[in-house]
Amino acid sequence: MLKKSGSYLLLFIFIGGLLGSILGEILQVVAPQGTVQNIFVQALNLGLDPPVTVNLVLIKFTIGFLLKMNLLTVLGMFLGAYVYKHV
């Protein structure tokens, strides 16, 4: 039996979101142009795009992230939470 903790919940939600995103990318290639592709594949991009670069002469570093979420990502996250609850 799985000991339920917050870290496992985040893991299940992350894996569900990842699988939903992968399914969305596959659906983008396979599905014909139209309503289905618009509903499930259209993504919302949250983050820094382009990344911020700081040049301090001695060291140069880049900070950035981009969270790309579509409907299947959100459904996968909910499915991950549901699976966590019932395991």
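As a summary of the residue check, N70 satisfies the conditions (1) of a type outside the set (G, A, S); (2) in contact with a Ser or Thr (Cβ under 8 Å, 6 or more places away or on another chain); (3) open to solvent by 50 Å² or more (accessible area, probe 1.4 Å) except for the one numbered (3). Candidates in the stretch 1-41 are the residues that are aliphatic (A, V, I, L, M) and surrounded by fewer than 10 Cβ atoms within 10 Å (Cβ to Cβ); of these, the one that is nearest to A81 (Cα to Cα) is L2. Note on the stretch 42-67: residues that are open to solvent by less than 90 Å² (accessible area, probe 1.4 Å), of a type in the set (A, V, I, L, M) and under 23 Å from I13 (Cβ atoms) total 4. Among the conditions (1) open to solvent by less than 70 Å² (accessible area, probe 1.4 Å); (2) aliphatic (A, V, I, L, M); (3) within 11 Å of the chain's Cα centre (by Cα), L75 misses just one, which is (1).
The values are calculated or read from the model by the stated rules, or taken from the named source; none is laboratory data. Values in this document were obtained by computation on a predicted structure and should not be read as measured data. Neighbour counts run over all protein chains shown; Cβ positions are idealised from the backbone, glycine included. What goes into the accessible areas is simple: the full protein's heavy atoms, side chains included, and nothing from ligands, DNA or RNA. Shrake-Rupley method; radii C 1.70, N 1.55, O 1.52, S 1.80 Å.
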